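S.K.: I am attaching a structure below and will ask some questions about it afterwards.
Throughout, read-outs are computed from the coordinates displayed, never taken from laboratory work. None of these values were measured; they are calculated from a predicted model. When we count neighbours, we look across all protein chains shown, and the Cβ atoms used for this are built from the backbone with ideal geometry, even at glycine.
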Protein chains: 2
Amino acid sequence: MGKILVTGGAGCIGSDLALRIASTGAPVRVLDNLSSGRRSHLAPLRALPNVEIVEGDLLDAGLVSEAMQGVEFVHHLAANPDVKFQPGDPTDKDLQQNLIATYHVLEAMRQQGVGKIAFSSTSAVYGVSPVQPIPEDLAPMRPISLYGASKLACENLLSAFHHLFGIDCWIFRFANIVGPKVRKRGRTVLGDFLLRLTQDPTRLLILGNGQQHKSYLRNEECVDAMLYLIDRQRSGFLVANLGADDWISVNRIAELLVAALDLKDVRFEYTGGEGGWLGDVPRFRLDVSRVNALGWKAKLSSEEAIRKTIAELIADPGLFDPERD
Amino acid sequence: MGKILVTGGAGCIGSDLALRIASTGAPVRVLDNLSSGRRSHLAPLRALPNVEIVEGDLLDAGLVSEAMQGVEFVHHLAANPDVKFQPGDPTDKDLQQNLIATYHVLEAMRQQGVGKIAFSSTSAVYGVSPVQPIPEDLAPMRPISLYGASKLACENLLSAFHHLFGIDCWIFRFANIVGPKVRKRGRTVLGDFLLRLTQDPTRLLILGNGQQHKSYLRNEECVDAMLYLIDRQRSGFLVANLGADDWISVNRIAELLVAALDLKDVRFEYTGGEGGWLGDVPRFRLDVSRVNALGWKAKLSSEEAIRKTIAELIADPGLFDPERD
């Protein structure tokens, strides 16, 4: 039985996925450079005899080639997770960490005859869509962020490798994923809001105008969906939106959080503008009829996913402990 | 008045385009690494006082940055022109020469505030389409070649740079371009057939089954269309198919060539299979209603474009002169 390689296995989704696969007894190899993944996510994996952990960077083609040895299935989740572009950021971060890294994975697969890859893509590939909810076959697709463009470029490359070299591909376009492993450093709306309210519980600065509407999905539901769909359709080229079938506004998320923290009279302030940052897609809701037809449906709505995550985050006393990994 | 930068200006299309622009008196800078462009294409450009020629590679970001100085419009045609992937070829050639090169161009534009780029894309971005003729908004787009995937990835990157940094983009998805500058080395169907028939006029090996059907466009019509459309729509993000509105089969091209050469009893032999090579799209016809609506239409049909090119090639006594650049 070949190994299951999970790139980005120290990340929020990758570590849960690796644990789930390892719990079936399958041999798992986790590859992560720990640039955004956390050592603490790896701890439960290290305890398992059938999990091997490799620290390394996908931009090192030789290392990727080594990590591919004996592999039969690749879950490729490693990526620059930060969709935000801020002035001063390098403009080739996503190109390198998403696209070139993915090329190294695909090329190692081709050279070693590894035939199956599941790729974590994103709803950011769609850009600003006049069609809502957004079907997988939206046209035209016009990503507005370097992150979204690089992920769509990865999909294109997967398409070519599928046709040229017979590699089976599962491409999952995620809604915003939330869960208890959400990072505290402000990369997600909940992490951002919680940090701000911890620092000053009288006011909350909201990026954009707060009218942004987005779809959310719980981490464990995302992992469920991936494993279910790979099992349901065993080969070919599947592109699938993964998310709840509704959306929720940023203002509503702020209200839910403030209520859960039992804060009164919090003043909401806005940076203004439709999007929260350069390249933010202000509104998206995913058409999930394709995965519904395949038998998968999110159990929680976007609001339920947010509520559950808020409850877990608030219950975690160490969330903002600077000493914690 | 800023300069017009033409990357790939020693290529078949780029050199004609540069000449056309220079003939209006505009200052033109040509950038080419002469990997597939030819010195002979540059000769008429060198004779003009308003044309500057820079030999250099787009993979050299510093050189691209220098070449961008004082530029107000970029015609970006430089690319690996060979859509064929052959076993043994590096799989990252297109990723490097098309996508990374394009990134360097875009990043230099961003840094120096150059606001307009016309990009030469390709019908190969569509892959195998059940819809014929193929509209620009085909969905899904599934390139089947590394060339097509890399060009579509370039388009994605242009989309992000357009939205993030306000760069106006014209994306031209070319049909197969033919003209008197067609190379003799077998990269195009006419060059391939002519070379084979010169070597052995009794038989012709045809890649695939000969039933491939494709759209063609003459070089000078392609240049016309680009300049017309840039003038017609002065800003924004235009994606446009460029081609004749019909298609022609590979077998028909072979017949036309054999007849023009006045050869008798040529035996057609086939390598077999639907496509001519790994990643070949066997059938495509472009929907050109978008450019028609903007006021441009190819004057020649695909067959007329092929006929005219055959006549010119046959009339060129030095076509297969190994000494000729």
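S.K.: Tell me the net charge near B:Ala67. Cut-off is 12 Å between Cβ atoms, B:Ala67 excluded, with +1 for each Lys or Arg and -1 for each Asp or Glu.
M.R.: -4
S.K.: Which is the longest run of chain A containing none of the GluC sites (Glu not before Pro) found in DSSP loop states (not H, G, I, E, B) with at most 16 other C-beta atoms within 10 Å?
M.R.: Numbers: sites that count: A:Glu274, A:Glu323.
Result for the longest clean stretch: A:1-273.
S.K.: Using a Debye calculation, one point per C-alpha and no hydration shell, please list log10 I(q)/I(0) for the protein assembly as shown at q = 0.05, 0.12 Å⁻¹ in order.
M.R.: Here log10 of I(q) over I(0) equals -0.25, -1.26.
S.K.: Calculate, in nm to one decimal, what A:Glu72 and A:Val54 gain on full extension: separation in residues at 0.36 nm each, minus their alpha carbon distance.
M.R.: Result: 4.8 nm gained on full extension.
S.K.: Counting other Cβ atoms within 10 Å of each Cβ, which trypsin sites (Lys or Arg not before Pro) in the stretch A:255-290 have at most 15 and sit in a DSSP loop?
M.R.: Taking the stretch A:255-290 and a limit of 15 other Cβ atoms within 10 Å, the loop trypsin sites (Lys or Arg not before Pro) found are A:Lys264.
S.K.: For a quick check, take a GNM of chain B with Cα springs below 10 Å and name the residue from B:Tyr103, B:Tyr216, B:Tyr270 with the largest mean-square fluctuation.
M.R.: Most flexible of the set in this elastic network: B:Tyr270.
S.K.: Then there is this: Could you give the length gained by full extension between A:Glu274 and A:Val131, i.e. 0.36 nm per residue of separation minus their alpha carbon distance, to one decimal place?
M.R.: My answer for the length gained is 49.8 nm.
S.K.: Quick check: residue separation of A:Asp231 and A:Leu34 times 0.36 nm, minus the Cα distance between them. What number comes out in nm? Don't jump to the answer; show the numbers that get you there.
M.R.: Working: separation 197, 0.36 × 197 = 70.92 nm, distance 2.90 nm.
Length gained, A:Asp231 through A:Leu34: 68.0 nm.
S.K.: Another question, then. Using a Cα-Cα cut-off of under 19 Å, which lysines could be cross-linked to B:Lys214, ignoring same-chain neighbours fewer than 8 residues away?
M.R.: Correct list for B:Lys214: B:Lys84, B:Lys151, B:Lys297, B:Lys299, B:Lys308.
S.K.: Moving to a separate point now. Once label points are set 7 Å from the Cα along Cα→Cβ at both A:Leu294 and A:Glu312, what is their separation, rounded to one decimal in nm?
M.R.: For the pair A:Leu294/A:Glu312, the computed spacing is 2.3 nm.
S.K.: What number comes out for the charge environment of A:Ala149, summing +1 per Lys or Arg and -1 per Asp or Glu over other residues with Cβ under 15 Å away?
M.R.: Residues near A:Ala149 contribute -1 overall.
S.K.: I need the inter-copy label distances for B:Arg234: point set 7 Å along Cα to C-beta, values in nm with one decimal, smallest first.
M.R.: So the label point of B:Arg234 gives 6.1 nm to the other copies.
S.K.: Between copies, how close do the A:Gly88 label points come, placed 7 Å along Cα→Cβ, listed in nm from shortest?
M.R.: Going from nearest to farthest copy, the values are 5.2 nm.
S.K.: Within a 10 angstrom radius of each residue's Cβ in B:147-155, how many Cβ atoms of other chains show up on average? Whole number is fine.
M.R.: What the average comes to for B:147-155 is 6.
S.K.: Counting only residues 5 or more places away or on other chains, whose amide H sits under 5 Å from the amide H of B:Arg29 once H atoms are built in the peptide plane?
M.R.: B:Ile4, B:Leu5, B:Val6, B:Glu52
S.K.: Quick one, what does Rg over Rh come out to for the stretch A:198-237 if you take C-alpha atoms and the Kirkwood Rh?
M.R.: Computed over Cα atoms, the ratio is 1.31.
S.K.: Could you list which residues have their amide H under 5 Å from that of A:Val239, counting only those 5 or more apart in sequence or on another chain, with H placed in the peptide plane?
M.R.: Under 5 Å from the amide H of A:Val239: A:Ile171.
S.K.: Please find, in a Gaussian network model of chain B (springs between Cα atoms separated by less than 10 Å), the residue of B:Met226, B:Met141, B:Met109 whose mean-square fluctuation is greatest.
M.R.: Among B:Met226, B:Met141, B:Met109, the largest mean-square fluctuation in the Gaussian network model of chain B belongs to B:Met141.
S.K.: Identify which of B:Ala101, B:Ala298, B:Ala47 has the largest mean-square fluctuation in a Gaussian network model of chain B, with springs joining Cα atoms closer than 10 Å.
M.R.: B:Ala47
S.K.: Same structure, new question: What FRET efficiency, computed as 1/(1 + (r/R0)^6) with R0 = 30 Å and r the Cβ-Cβ distance, is obtained for B:Gln86 and B:Thr198, rounded to the nearest 0.05?
M.R.: 0.85
S.K.: Report the net charge of residues surrounding A:Asp224, where surrounding means a beta-carbon distance below 14 angstrom and charges are Lys +1, Arg +1, Asp -1, Glu -1.
M.R.: Spelling it out: positives minus negatives among the neighbours equals +1.
S.K.: Convex hull volume of the Cα atoms in the stretch A:217-272, per residue, in Å³?
M.R.: Convex hull of Cα atoms, per residue: 115 Å³.
S.K.: Would you report the distance distribution of C-alpha pairs in the stretch A:220-313 as whole percents per 5 angstrom bin, up to the bin with the largest distance?
M.R.: Final binned percentages: 2, 11, 17, 17, 17, 14, 10, 6, 3, 1, 0.
S.K.: A follow-up question, please. Collect residues whose amide H, placed 1.01 Å from N in the peptide plane, falls under 5 Å from the amide H of A:Arg203; neighbours closer than 5 in sequence don't count.
M.R.: A:Arg267
S.K.: Binning at 5 Å from 0, report for the stretch B:6-80 what percent of all alpha-carbon pair distances ends up in each bin.
M.R.: Whole-percent P(r) values from 0 Å outward: 3, 18, 33, 26, 16, 4, 0.
S.K.: What residue among B:Thr102, B:Ser15, A:Gly166 has its Cα farthest toward the positive end of the dipole of the protein assembly as shown, where the charges are +1 on Lys, Arg and -1 on Asp, Glu, each on the Cβ?
M.R.: The listed residue farthest towards the positive side: A:Gly166.
S.K.: Still on this structure, please answer the following. Please work out the FRET efficiency for the pair A:Leu205 and B:Ser23, using the Cβ-Cβ distance as r and a Förster radius of 51 Å; give the result to the nearest 0.05.
M.R.: According to the calculation, E is roughly 0.35.
S.K.: Say a label goes 7 Å from Cα toward Cβ at B:Gly115 in every copy; what distances in nm does this one have to the rest, shortest first?
M.R.: Sorted ascending, the copy-to-copy spacings read 5.4 nm.
S.K.: Average projected area of the Cα convex hull of chain B, in nm²?
M.R.: Values: hull surface 63.7 nm².
Approximately 15.9 nm², given one-decimal rounding.
S.K.: Add -39500 (n - 2.57) for each DSSP H run of 4 or more in chain A, then divide by its residues: what number comes out at 222 nm, to the nearest 500 deg cm²/dmol?
M.R.: -10500 deg cm²/dmol
S.K.: Compute the distance in nm between two label points, each set 7 Å from the Cα along the Cα-to-Cβ direction, one at B:Ala139 and one at B:Met1.
M.R.: 4.3
S.K.: Take the alpha-carbon positions of the stretch B:89-141, form their convex hull, and give its projected area averaged over all directions (one quarter of the hull surface) in nm².
M.R.: Result: 5.2 nm².
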